[in-house]
Amino acid sequence: MLFSPLVVLGPLAFLMTMATRWVLHRLNWRRYIWKDAWFDVGIFVCYLALTIYWVGD
Amino acid sequence: MGKLLRIGVTLLVVFAAILAGNWIWNHYLHSPWTRDGRIRADVITVAPDVSGWVTRLEVSNNQLVNKGDLLFVIDESRYQAKIAEAGAYLAQKRSAWELAQHQYQRHEGLSGRQTISDENLETYRIQTESAKASYELAQAQLATARIDLQRTRVTAPETGTVSNLSLSEGNYVNQGQPVVSLVQKSSFYVTGYFEETKLQKIHVGQNARVTLMSGGEMQGKVASIAQGIADTSVSSNSQLLPQVQQAVNWVRLAQRIPVDITLDSLPPGLNLSAGMTVSIYLDTDQ
């Protein structure tokens, strides 16, 4: 990669978080979430770690 | 029950995020990988052993040459004249030595008849020794002149590729000043500049995966770890007192330590040049 991987992987994880958020919203599953912000940030960090692991090299 | 499920799901995700965050932290701070690596090669800078004009240039830029191939020729006329001069000087000194020998032998024959003093005889003997030494000196000078003439033909010390050639026929080259750069064949290796935080997970013999910016991949092994880098924050003033730069304590930048990696084998068809950028990933399960 010609630039820092996080420049790509950060926004990618954010998009995946937004997609998850949208899907949960459409399925009306967000009612199973206790603290929305904690959940969203947690999901973002998990997605970020996954993207770094899979495409970070 | 519904409340517990909501709390449980959220805390599970938060717990997973803490683990993931910890992994990201370790990956960037401690895992032995770097994007700051370079392909390097053994480069020989060829310098002529004698000075003079370049009369023949036998190579072109980026040409592959074998060990012993002629690179360029320096004007020989001066060195041929030196040989002639040294040869004549040698003949002169040989004659002087023969004359001194002759005189000594003649006077040695007279010594039995008490017609020459011991002191005079000793003088002739010393003159003979001196003439012999002068002759040997002239021999050495002739040998040096022959070596100089031989060295007007500059050959490749190893097989490799001529690089960044700016030499032309007619240029004057000076003794000991490099004029041709030779990248030695099959001498490529990799130097990775690893942050000091990662150094504890690096050891000699560790397997390495090297990826080129252009996409090629190679395997290698850690050959050595540098034992020192320059301290850029300290220098001396004219009174030899340390001149220490002020540092901002908010950010501590990790120093980069060079680690050399030998390459196992190069994939066929892969074009490598010293100076190319590579990423390096070291195995951690060893």
Give the residues of chain A that are more than 17 Å from B:Ala17 (Cβ to Cβ) and among the acidic types (Asp, Glu), sorted by residue number. A:Asp57
Which of (1) more than 42 Å from the chain's Cα centre (by Cα); (2) away from chain A (no Cβ under 14 Å); (3) not β-branched (Val, Ile, Thr) does B:Glu76 not meet, given it meets every other one? (1)
Anything in segment A:46-57 that is without any contact (Cβ under 8 Å) to a residue 24 or more places away in the chain and crowded, with 18+ Cβ neighbours inside 10 Å? List them, or say none. A:Cys46, A:Ala49
Only one of B:Trp97, B:Trp53 is aromatic (Phe, Trp, Tyr), out of contact with any Cys (no Cβ under 6 Å at 6 or more places or on another chain) and not in a helix (DSSP H, G or I). Can you tell me which? B:Trp53
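Yes/no per residue for (1) polar (S, T, N, Q); (2) in contact with a Gly (Cβ under 8 Å, 6 or more places away or on another chain); (3) loosely packed, with under 10 Cβ neighbours inside 10 Å:
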| residue | (1), (2), (3) |
| --- | --- |
| B:Ser235 | yes, no, no |
| B:Val244 | no, no, no |
| B:Val248 | no, no, yes |
| B:Val251 | no, no, yes |
| B:Asn271 | yes, no, yes |
All but one of (1) at the interface with chain B (Cβ under 7 Å from one of its Cβ atoms); (2) within 20 Å of B:Ser279 (Cβ to Cβ); (3) of a type outside the set (Val, Ile, Thr); (4) not in a helix (DSSP H, G or I) hold for A:Leu2, so report the exception by its number. (1)
Output yes when any residue across segment A:27-42 is under 23 Å from B:Tyr281 (Cα atoms), at pLDDT below 95 and away from chain B (no Cβ under 11 Å), and no when none is. no
Flag for A:Val45 being within 9 Å of chain B (Cβ to nearest Cβ) and among the β-branched types (Val, Ile, Thr): yes
Can you work out which of the residues in segment B:8-20 that are surrounded by fewer than 16 Cβ atoms within 10 Å (Cβ to Cβ) and at the interface with chain A (Cβ under 7 Å from one of its Cβ atoms) is modelled with the highest pLDDT? B:Ala16
Select, from B:Leu5, B:Leu71, the only residue that is surrounded by 16 or more Cβ atoms within 10 Å (Cβ to Cβ) and either within 13 Å of chain A (Cβ to nearest Cβ) or farther than 24 Å from B:Ala138 by Cβ (or both). B:Leu71
Could you check how many residues of segment B:144-168 are of a type in the set (Gly, Ala, Ser) and farther than 18 Å from B:Glu76 by Cα? 4
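Each row is one residue, and each column tells you yes or no for (1) on the phi > 0 side of the Ramachandran plot; (2) surrounded by 14 or more Cβ atoms within 10 Å (Cβ to Cβ); (3) more than 14 Å from chain A (Cβ to nearest Cβ).
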position	(1), (2), (3)
B:Ile24	no, yes, no
B:Leu29	no, no, no
B:Val50	no, yes, yes
B:Leu99	no, no, yes
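The values are calculated or read from the model by the stated rules, or taken from the named source; none is laboratory data. Note that this is a predicted model, so its numbers are computed, not measured. Note that each Cβ is placed from the backbone with ideal geometry, even for glycine, and that neighbours are counted across all protein chains shown.
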